[in-house]
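Have a look at the structure below before the remarks.
Throughout, read-outs are computed from the coordinates displayed, never taken from laboratory work. Owing to the predicted nature of the structure, the values given are computational and were not obtained by experimental measurement. Every residue, glycine as well, gets a Cβ built from its backbone with ideal geometry; the counts of neighbours run over all protein chains shown.
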Number of protein chains: 2
Amino acid sequence: MAKQKPRTLSGFMELLPAPQTQFERMAELLRRSYALYGFTPLDTPIIEASEVLLAKAGGETEKQIYRFSKGDSDLSLRFDLTVPLAKYVALHYADLSFPFRRFQIGKVYRGERAQRGRFREFYQADIDVIGDGKLDIVNEAEIPAIIYQTFTTLGLNRFQIRVNNRKILNGFYAMLGLSDRAGDVMRTVDKLPKIGAGKVRDMLTGEEIGLTGGQADEILKFISITGSNNDVLSALEEYKGRHELFDQGLDELNTVVKYLSAFGVPGEYFAVDLTIARGLDYYTGTVYETFMTSHPEIGSICSGGRYDNLSEYYTDKQLPGVGISIGLTRLFYVLEEQGCLNDDMITAPADVLVLPMTEDLSPAIALATQLRAAGIRTQLYTEQKKFKQKMSYADKLGVPYILLLGEDEITQGKASLKDMRSGEQELLDTGEIIDRVRLSLANSGAQRPIREKEE
Amino acid sequence: MAKQKPRTLSGFMELLPAPQTQFERMAELLRRSYALYGFTPLDTPIIEASEVLLAKAGGETEKQIYRFSKGDSDLSLRFDLTVPLAKYVALHYADLSFPFRRFQIGKVYRGERAQRGRFREFYQADIDVIGDGKLDIVNEAEIPAIIYQTFTTLGLNRFQIRVNNRKILNGFYAMLGLSDRAGDVMRTVDKLPKIGAGKVRDMLTGEEIGLTGGQADEILKFISITGSNNDVLSALEEYKGRHELFDQGLDELNTVVKYLSAFGVPGEYFAVDLTIARGLDYYTGTVYETFMTSHPEIGSICSGGRYDNLSEYYTDKQLPGVGISIGLTRLFYVLEEQGCLNDDMITAPADVLVLPMTEDLSPAIALATQLRAAGIRTQLYTEQKKFKQKMSYADKLGVPYILLLGEDEITQGKASLKDMRSGEQELLDTGEIIDRVRLSLANSGAQRPIREKEE
């Protein structure tokens, strides 16, 4: 028979068992982290009607989308988890309680140009809090705590959450009478690290944008406000009283910073950063980006912010919210590339591999059944192979323990437990085996999927 | 702005938060169950190249498939998890250790005619054990244990695993010299419960199939072998020695039955059933179906069997295996229809809802942070609403506890914990609150998502 060459599409991540287990562990820790903060899990279809999914989209999104017909239906694969959430909340509005807090970890699809580290199918891990009409600022203050909790749970320690408030930016540009040109100005100011203050000033005062020298200087002064959170907040106080939106944004930012320590976020993990702007139209309040301090070149690994109108394309209801998103597939890829996955993590499918040495397998099976009843992941290995091959199988899987059961052991009501890491082997009864394995697993239970290299 | 009517495609399950939480709990318990038996989690792309995915398929599958072009690529959405597994094992053969035991819970797509209880996007939950060249029969004997463990963990108690062996069927038809007509015969025999033995005999001896009266009688006698497992196995002994394949199948069936109790499967959950055949070409050994004894009309809720050649369309390597599949979305739908979901299960996104009664929220936030550090799912409610509205929110979510924190409580270093089920309210310090909530959650921790109605 002619064979079809097996292959996986480029841009689609397909992992071997060990890294897949690390990925699953990351997803599980994200679920647990989010659940601690009172978010409910949600799952929406991957396929939606194109007219629903593309109610807002245009430009890049439209080009990248997987869109096709089936029968009479014009269908599309979701390209993020936000639009399906906007649809969900509008559709099920009457059945939901607000604030509605949901997390969703799911695959999304973008037909981007295939290149290293770019994925066409990838997981996003999103949380959002949606209010009905209003949403208290404390929800925005809580987000850094969730980011901090989530990444430390994964094992990441060297990261910083950078926060700004869009009202401060928009208010500041309004003070200068530049509301209509704020977009151009921000895009230019973004080039500061690359081209320097002089060239930015030239561009700002150039024909295209056309600011006065005074305006350009004001902007460069504002954007150079850095230092500790208190330094930045004090410097911002000096702009107070000149524009209502600015004042409101500063109040909000002060509230976010005020509650940081009550939320358990150590100061060094957090920085007010006036250069964080994020998309122009969508976000309206606090905005967040998160950087690995050892790998800033990776860019933000968790971003989001406050928005005023989640479902405006589906309903007249005002549904403000705040949310963040982690691009889990890309994060995993980057961590692996940087050698930041914990290679000591147990990724074996079983804690104990039982190797029966007798023809009648009943005692070995009964032992495996007891271990499983005690919550120990147990695999029976019954293939007819040489002992050496069986040990090599155990080695390759990385199982922490093997259990040998021959006539002698059965007669004594015991089995030989071999610790594959230490090489030690002991004859133990079932209760002792269970205690020993449980204790060892409890000790390794705190294993984090991420382990940063020493600097 | 003109609004787009929000809608979800027909045939796509989209659940509200409470049932979604029950669904997630089912999926989590499946993952845990499978992991206990040494299966590793796998995740493969939802989109594959059409030529890869359709290497084997034809007929119904081809019609139902979601197939489309993107750029130059001919793409399809997976319609099961078996074909992607066959591709995965062939593609990554050199990197895998055999037997390779994997589970996968994922969405698959079939564009079936939309009707109640039929889904176009649905979850399958599969396990498979793949051997390299050979695979020991004990793997087939272990499957009923996994099915038993899985469903009892979910909370289902009234079900039966029915098992047969394709070698027994094929061997029996070979004895009668009917190997070439076995398919027609089996399809006719399947009608027995509906049309009765007389009509089946007429059809078997009719022009189309053309058996002799003797052959038809032999078949009717064989198929009417029922009773306890021992009854059936004894009756089958009488056919022994007439065909090698039959004898081998009977040996295998005896092995499966022999190890049942060592595997911890109570006898009443298991039945040898000679009418279980499953697809004609794919399965070659033990086959399984699982029925809810109170709802046999639902059909099998977990099926599978032994096959000889998983990846024959991709590789010359002989890769035999055994696997089972649960149609999770359909199972969930059916359980909900039958009122078999446990409506006492806590589906609230939080265990504790903190209601601060002071302007400065720091003490309430700090308390929530302590609860979260203790592993308690905690939501802060800080919206400016009347007390009654806050209580109604707590009620609707179904949170088990609320925590009231006013000036008095703060002064005393305590908070008022209200048990929403009993209505009792007590002033407690943080340690007491944590102990109380943990104890209550531990007691409800054994909650199963399925609860069958009393008969």
**Request:** Quick one: check the C-alpha center-to-center distance for segment B:51-129 versus segment A:34-55, whole angstrom.
**Result:** 23 Å
**Prompt:** To the nearest 0.05, what FRET efficiency results for B:F387 and B:E297 with a Förster distance of 45 Å applied to their C-beta separation?
**Reply:** 0.35
**Unit charges on C-beta of K, R, D, E only; dipole of the protein assembly as shown, Debye** = 1280 debye
**Request:** On each of the three principal axes of the Cα atoms of segment B:83-156, give max minus min coordinate, whole Å, ordered largest first.
**Result:** 42, 33, 16
**Request:** Tell me the distances, shortest first, between A:R421 and the same position across the other copies, using label points 7 Å along Cα→Cβ, in nm to one decimal.
**Result:** 3.9
**Message:** Suppose the chain between A:L16 and A:K396 were pulled fully straight at 0.36 nm per residue; how much longer would it get relative to their current alpha carbon spacing?
**Reply:** 135.5 nm
**Item:** 16 Å Cα-Cα reach of B:K134 towards lysines, excluding residues that sit fewer than 8 places from it in its own chain
**Value:** A:K385, A:K386, A:K390, B:K317
**Asked** What is the distance, in nm, between label points placed 7 Å from the Cα along the Cα-to-Cβ direction at B:E112 and at B:D251?
**Response** 3.9 nm
**Prompt:** To the nearest whole number, what is the average tally of beta carbon atoms from other chains within 10 Å of the beta carbons of peptide A:254-264?
**Reply:** 4
**Prompt:** Which order, highest average first, do A:435-443, B:97-105 follow once you tally other Cβ atoms within 10 Å for each residue and take the mean per peptide?
**Reply:** B:97-105, A:435-443
**Prompt:** Over all residues in B:364-372, what is the mean tally of Cβ atoms on other chains that come within 10 Å of each residue's Cβ?
**Reply:** 5
**Prompt:** Can you give the Kirkwood hydrodynamic radius for segment B:335-433, in Å, rounded to one decimal and based on Cα pairs?
**Reply:** 14.2 Å
**Request:** Using label points projected 7 Å from each Cα along Cα→Cβ, tell me how many nm separate B:K240 and B:S228, to one decimal.
**Result:** 1.9 nm
**Asked** Other chains' Cβ within 10 Å of B:86-97 residues: what's the mean?
**Response** 4
**Asked** Given segment B:30-175, what whole percent of its Cα pairs are spread farther than 26 Å?
**Response** 40 percent
**Asked** What is the mean projected area of the alpha carbon convex hull for chain B, to one decimal in square nanometres?
**Response** 30.3 nm²
**Asked** Measuring label to label, 7 Å along Cα→Cβ, what does B:G206 give against each other copy in nm, shortest first?
**Response** 8.5
**Item:** Nearest residue to the symmetry axis between A and B, taken on chain A by its Cβ, in whole Å
**Value:** A:F68, 2
**Complete:** Other residues with Cβ under 12 Å from the Cβ of B:S325 give, with Lys and Arg +1 and Asp and Glu -1, a net charge of -2
**Item:** Cβ-Cβ FRET estimate between A:H92 and A:T152, R0 fixed at 30 Å, reported to 0.05
**Value:** 0.35
**Asked** How big is segment A:179-223 by the Kirkwood estimate over distinct Cα pairs, in Å?
**Response** 10.2 Å
**Complete:** Contour minus Cα-Cα span, A:A2 to A:D72, at 0.36 nm per residue, comes to 21.6 nm
**Message:** Quick check: the angle from helix B:213-223's long axis to the longest principal axis of chain B, C-alpha only, nearest 10 degrees?
**Reply:** 30 degrees
**Message:** Once R0 is set to 60 Å, what does the formula 1/(1 + (r/R0)^6) return for the Cβ-Cβ distance between A:K56 and A:S422, expressed as a FRET efficiency to the nearest 0.05?
**Reply:** 0.55
**Prompt:** What whole number of Å gives the distance from the Cα centroid of segment B:189-249 to the Cα centroid of segment B:258-283?
**Reply:** 19 Å
**Message:** If every alpha-carbon in segment B:133-241 counts as one equal scatterer, what log10 I(q)/I(0) does Debye give at q = 0.21 1/Å?
**Reply:** -1.17
**Prompt:** Using alpha carbon centroids, what distance separates segment A:342-393 and segment B:317-344, in Å?
**Reply:** 27 Å
**Prompt:** What distance in nm separates the simple spin-label points at A:S261 and A:R187, each placed 7 Å from Cα in the Cβ direction?
**Reply:** 4.3 nm
**Asked** Karplus couplings for segment B:159-166 from phi (6.51 cos²θ - 1.76 cosθ + 1.60, θ = phi - 60°), rounded to Hz, Gly and Pro as x?
**Response** 8, 9, 8, 10, 10, 9, 9, 4
**Message:** For the protein assembly as shown, place one equal point scatterer on every Cα, skip the solvent, and apply the Debye formula. What is log10 of I(q)/I(0) at q = 0.05, 0.09 Å⁻¹?
**Reply:** -0.34, -1.04
